[in-house]
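The next block holds one structure in the form of structure tokens; read it before the comments.
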Amino acid sequence: MTDSPLISVVMAAYNGGPLIEETIASVLAQTLADFELVVVDDCSTDDTLDRLRRVRDPRVRVIAAEHNGGPVVARNTAFAAARGRYIVGLDQDDLCHRTRFAAQHAFLESHPNVVLVASAVDLLQAGAILPPRAPLHTSPSLLDWRLQLGNPLVWSSVMFRADAARRLEVFERTDRLYAEDFDFYHRLARFGAIARIDTPLATYRIHPGGASQRYTARMEQSAVEVLAQPYAALFGAHAAEAARLVLHHFTGGVPAPDLAALQEVGRLVGVVHEHFVMTRRPDATDLALIMAEYGRLWWRLADACVRSGTLSRAEVAAHCPAGLTRNPASRMRSATSLLIGTGRALASRLKQA
């Protein structure tokens with residue numbers, strides 16, 4: 001390995017013993033072999049550090065932290081030690097497809113205006129591979145729109161330009177814990193476009209030990225703090241509450257408790273959307289992708305409200321923003337939601353009788 005590898009993979013490790021060796025094996029199997037893997041062990045209490053030190057490949061660099069500082073501090077340490085022109089994000093429990101580095105490197109080489117490229121991801125849950133989640137087709141403009149409403153990217157799928165990331169005042173911010181990647185994308189976007197390859201190039205593990213399953217409340221609060229900054233120009237002193245409602249209901253898909261709450265979420269998203277269209281001016285192709293995703297997220301929330309029994313189908317349909325259509329799969333979910341919601345509403349009335 002040279003002193004200046006093309007790619008640096010940065011990884012924070014903590015008690016990842018059962019899975020980390022498989023993750024490292026997926027890195028070492030890459031078709032593009034000019035890389036280093038910088039792993040910072042954050043004072044694991046299991047055998048993670050021993051497993052890391054048993055890896056016999058000169059491209060793997062292991063740093064043992066002196067104190068447990070959490071994943072952001074460990075990742076910042078890895079980034080500071082990275083020597084590559086391109087940086088790959090990877091968590092200790094996720095997997096890279098063999099052609100990931102080659103495909104993302106080629107994309108960045110051919111798109112000099114793009115500062116970060118992610119990919120679609122497969123989902124691994126209970127030993128089964130699940131298909132990628134929507135949206136299946138993206139553009140930089142669509143991702144820009146989605147970043148105004150929540151995080152559309154998986155950290156373990158991203159590759160970005162090291163020189164751009166080093167222009168930031170800090171790589172990842174510790175006060176944005178569990179939404180540090182979402183915050184990073186917002187700050188990095190000042191230097192170029194963010195894109196996604198819509199073919200899965202990584203596998204994301206869904207398991208009880210994952211941070212996204214264990215720290216959902218802290219993750220949402222940190223994401224609120226990220227969005228409150230751009231929302232301040234739109235909502236003033238109510239920016240944080242606006243961000244909370246958008247993230248919890250529109251992006252998170254949690255049913256609105258009543259019609260007034262649904263109307264407020266719709267109003268807030270409408271303000272964000274109109275501001276985006278007026279300032280970013282997406283072309284017709286991008287606008288079509290944006291409206292399709294807008295409609296998908298809206299009807300997902302509407303169906304959740306009907307399914308929960310809090311709102312009727314007529315109520316959510318009457319308050320759907322103009323221009324949002326449904327695809328056939330969404331219509332099928334709506335019919336199912338109606339049956340479930342009717343049953344729950346009936347059960348609630350019987351309980352009150």
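The values are calculated or read from the model by the stated rules, or taken from the named source; none is laboratory data. Everything numeric here is computed off the predicted structure, so don't read it as measured data. Cβ: placed from backbone, ideal geometry, glycine included. Neighbour counts: every protein chain shown. The area values use the complete protein model at the heavy-atom level, side chains included, leaving out ligands, DNA and RNA. Shrake-Rupley method; radii C 1.70, N 1.55, O 1.52, S 1.80 Å.
Look at Val170 and say whether it is in contact with a strand residue (DSSP E or B) (Cβ under 7 Å, 6 or more places away or on another chain) and either at pLDDT 95 or above or among the acidic types (Asp, Glu) (or both). Give the steps one after another, and end with the answer.
Details: in contact with a strand residue (DSSP E or B) (Cβ under 7 Å, 6 or more places away or on another chain): no; either at pLDDT 95 or above or among the acidic types (Asp, Glu) (or both): yes.
When the stated conditions are applied, Val170 does not pass them.
Which one is most open to solvent (accessible area, probe 1.4 Å) among residues in region 152-176 that are of a type outside the set (Gly, Ala, Ser) and under 18 Å from Asp93 (Cβ atoms)?
In this case the residue turns out to be Val154.
Sort out which residues of region 177-187 are open to solvent by 20 Å² or more (accessible area, probe 1.4 Å) and either under 21 Å from Ala202 (Cβ atoms) or part of a helix (DSSP H, G or I) (or both), and write them in order of number. Even if it seems obvious, please write down each step before you answer.
Start the filter on region 177-187 by keeping residues that are open to solvent by 20 Å² or more (accessible area, probe 1.4 Å), which leaves 177-178, 181, 186.
Within region 177-187, Tyr178, Asp181, His186 qualify.
Checking Ala193 against (1) buried (at least 20 other Cβ atoms within 10 Å of the Cβ); (2) in contact with a strand residue (DSSP E or B) (Cβ under 8 Å, 6 or more places away or on another chain); (3) over 22 Å from Ala240 (Cα atoms): exactly one of these is not met. Which one?
(1)
What are the residues in region 129-150 that are over 19 Å from Asp283 (Cα atoms) and surrounded by 21 or more Cβ atoms within 10 Å (Cβ to Cβ), if any?
Leu149
Given the criteria basic (Lys, Arg) and touching a residue at least 40 places away in the same chain (Cβ under 8 Å), does Arg218 qualify? Quick ask: steps written out before the conclusion?
Values: basic (Lys, Arg): yes; touching a residue at least 40 places away in the same chain (Cβ under 8 Å): yes.
Yes: the conditions hold for Arg218.
Suppose we keep only residues that are free of Cβ contacts under 8 Å to residues at least 60 places away in the same chain and over 14 Å from Arg244 (Cα atoms) within region 255-274. Which one would you say is surrounded by the fewest Cβ atoms within 10 Å (Cβ to Cβ)?
Kept after step one, since they are free of Cβ contacts under 8 Å to residues at least 60 places away in the same chain, are these residues of region 255-274: 255-258, 260-268, 270-271, 274.
From what's left, over 14 Å from Arg244 (Cα atoms): 257-258, 260, 263, 270-271, 274.
Working: Pro257: 13, Asp258: 13, Ala260: 9, Gln263: 13, Gly270: 13, Val271: 15, Glu274: 11.
Applying the filter and picking the extreme gives Ala260.
Applying the selection to region 199-227, what residues are modelled with pLDDT under 95 and among the hydroxyl-bearing types (Ser, Thr, Tyr)?
Scanning region 199-227 gives Ser212, Tyr215, Thr216.
One residue is enough: does region 132-146 have a residue meeting the conditions within 29 Å of Val73 (Cα to Cα), in contact with a Ser or Thr (Cβ under 9 Å, 6 or more places away or on another chain) and at pLDDT 95 or above?
Yes, there is a match, as at least one residue in region 132-146 is within 29 Å of Val73 (Cα to Cα), in contact with a Ser or Thr (Cβ under 9 Å, 6 or more places away or on another chain) and at pLDDT 95 or above.
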